[in-house]
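The next block holds one structure in the form of structure tokens; read it before the comments.
The values are calculated or read from the model by the stated rules, or taken from the named source; none is laboratory data. Since the model is a prediction, treat every value here as computed from it, not as a measurement. Note that each Cβ is placed from the backbone with ideal geometry, even for glycine, and that neighbours are counted across all protein chains shown. Calculation scope for accessible area: heavy atoms of the full protein, side chains included, ligands and nucleic acids excluded. Shrake-Rupley method; radii C 1.70, N 1.55, O 1.52, S 1.80 Å.
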Amino acid sequence: MPTSKRFPTAHLLNVNERFFLIDCGEGTQIQLRRFKFGFAKINRIFISHIHGDHLFGLFGLLSSFQLLGRKNELHIHGPGEIREMVLFYERYFGTEQSYRIKVHPLGYTREMLIFEDERMEVFSFPLKHRVPTCGFLFKEKTAELNLKKEAIDRFKPGIENIHKIKKGDDLVQSDGTIIANEQLTLPPWKPRSYAYCSDTAFDPGLSEFLQEVDLLYHESTFSKDDEDLAAKTGHSSSVQAAEIARICNARKLLLGHFSSRYKSTDGLLLEAQSIFSNSVAVNDGDVFEVERTRTENIPEE
Ligand SMILES: [Zn+2]
Ligand SMILES: [Zn+2]
């Protein structure tokens, strides 16, 4: 249930200035406005399942795109039924639609690569909920080597050589001298990852696919004392969310989707922290950055 402090679920993910909207609960566009995000930058939306608290904001957003004169195609990855809903929307509200909407139906039998470009990949994976539901894993691809500025200034390789150096080649200078690649580059950044575990019952089987994930969002609808309710409704307790983070070796856990029965989330957070210390109970508008680390330590000069 929405409360005066919490809107239903929606996450906005920025991967090197590509923006992805993950779920779109009621009021998402209002929150995007409140947090000063120009939503025309969204070209891809991921919907985990057909429950209103993850979906009711979609049609308002589609309509605002139209009012803003959107031209870019919009891609929606979600349950196949969304295609029907979009057709209904277009029939009654989108008669002068200025942009195309393409729906990509999810599968529920196994992990699947559902989107990739030159820098990242997005996978869907099945969750255990009352209706077919998927989580999403966003992963950067391994980056090229980073150039050492002072070495580049000193040896001045041309553009063509720079491309080769970034891929690991040594530099052969015009007099035949070879400059080893290690002298010219830093190890690349470690690819970062973010997993979104929308509504789900406790499922330790997730840990295999999500091993070493940097940032894990896992729903935490109930307190440990209400785990029977969690099991009955296809949700998790904060302790179960923390257990998933622990067995995944995640770097950080974000907890959300709290039942409105709890006046404060402090108790749920403490329970989670007793299992996985780097846990955070999220509030609307919170921003989390996944820090970059090198794939190997840089030796001191
Ligand atoms: Zn649900
Ligand atoms: Zn939900």
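Please go through (1) within 25 Å of Gly25 (Cα to Cα); (2) more than 17 Å from the chain's Cα centre (by Cα) for Leu186 and return the number of the only condition it doesn't satisfy.
(1)
Of the residues that sit in region 183-213 and are open to solvent by 10 Å² or more (accessible area, probe 1.4 Å) and of a type in the set (D, E, K, R), which one is farthest from Pro132 (Cα to Cα)?
Lys190
Please determine, by comparing only the residues of region 170-215 that are assigned to a strand (DSSP E or B) and in contact with a Lys or Arg (Cβ under 7 Å, 6 or more places away or on another chain), which one is farthest from Lys156 (Cα to Cα).
Leu215
Would you check if Ser220 is within 15 Å of ligand 1 (Cβ to nearest atom), of a type outside the set (A, V, I, L, M, F, W, C), closer than 22 Å to Asp266 by Cβ and touching a residue at least 40 places away in the same chain (Cβ under 8 Å)?
Yes, satisfied.
Condition first: out of contact with any strand residue (DSSP E or B) (no Cβ under 9 Å at 6 or more places or on another chain) and within 15 Å of ligand 1 (Cβ to nearest atom). Now tell me which residues in region 4-21 satisfy that.
Pro8
Select from region 266-280 the residues that are of a type outside the set (A, V, I, L, M), in contact (Cβ under 8 Å) with a residue 24 or more places away in the chain and under 15 Å from Arg251 (Cα atoms) and list them in ascending order.
Residues satisfying the conditions are Gln273, Phe276, Asn278, Ser279.
Residues checked against (1) over 18 Å from the mean Cα position of the chain (by Cα); (2) closer than 21 Å to Ser4 by Cβ; (3) within 14 Å of ligand 2 (Cβ to nearest atom); (4) aliphatic (A, V, I, L, M):
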| site | (1), (2), (3), (4) |
| --- | --- |
| Phe20 | no, no, no, no |
| Gly25 | no, yes, yes, no |
| Ala40 | yes, no, no, yes |
| Phe46 | no, no, no, no |
| Ile50 | yes, no, yes, yes |
| Ser64 | yes, no, no, no |
| Leu67 | yes, no, no, yes |
| Asn72 | yes, no, no, no |
| His75 | no, no, no, no |
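Results for (1) within 26 Å of Gln29 (Cα to Cα); (2) hydrophobic (A, V, I, L, M, F, W, C); (3) more than 22 Å from the chain's Cα centre (by Cα), shown as yes or no for each residue.
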| residue | (1), (2), (3) |
| --- | --- |
| Thr221 | yes, no, no |
| Thr233 | no, no, yes |
| Ile247 | no, yes, no |
| Asp286 | yes, no, no |
| Glu291 | no, no, no |
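Only one of (1) open to solvent by 50 Å² or more (accessible area, probe 1.4 Å); (2) at pLDDT 95 or above; (3) in contact with a Ser or Thr (Cβ under 6 Å, 6 or more places away or on another chain) is not met by Met1, so which one is it?
So the condition that Met1 fails would be (2).
Considering each residue of region 4-30, count those that are open to solvent by less than 30 Å² (accessible area, probe 1.4 Å) and in contact with a Gly (Cβ under 7 Å, 6 or more places away or on another chain), and give that number.
Looking only at that region, the number is 6.
Among Pro132, Pro105, which is the only one that is open to solvent by 40 Å² or more (accessible area, probe 1.4 Å) and within 16 Å of ligand 2 (Cβ to nearest atom)?
Being open to solvent by 40 Å² or more (accessible area, probe 1.4 Å) and within 16 Å of ligand 2 (Cβ to nearest atom) holds for just one of Pro132, Pro105, which is Pro132.
Rundown of residues vs (1) under 18 Å from His11 (Cβ atoms); (2) open to solvent by 10 Å² or more (accessible area, probe 1.4 Å), yes/no style:
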residue	(1), (2)
Ile50	yes, yes
Asp53	yes, yes
Gly57	yes, no
Phe65	no, no
Asn72	no, yes
Ile114	yes, yes
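From the set of residues in region 241-260 that are open to solvent by 10 Å² or more (accessible area, probe 1.4 Å) and within 16 Å of ligand 1 (Cβ to nearest atom), which is modelled with the lowest pLDDT?
In this case the residue turns out to be Ser260.
Somewhere in region 82-90, is a residue basic (Lys, Arg) and loosely packed, with under 15 Cβ neighbours inside 10 Å?
No: region 82-90 contains no residue that is basic (Lys, Arg) and loosely packed, with under 15 Cβ neighbours inside 10 Å.
Anything in region 135-163 that is basic (Lys, Arg) and open to solvent by 50 Å² or more (accessible area, probe 1.4 Å)? List them, or say none.
The answer is Lys139, Lys141, Lys149, Arg154, Lys156.
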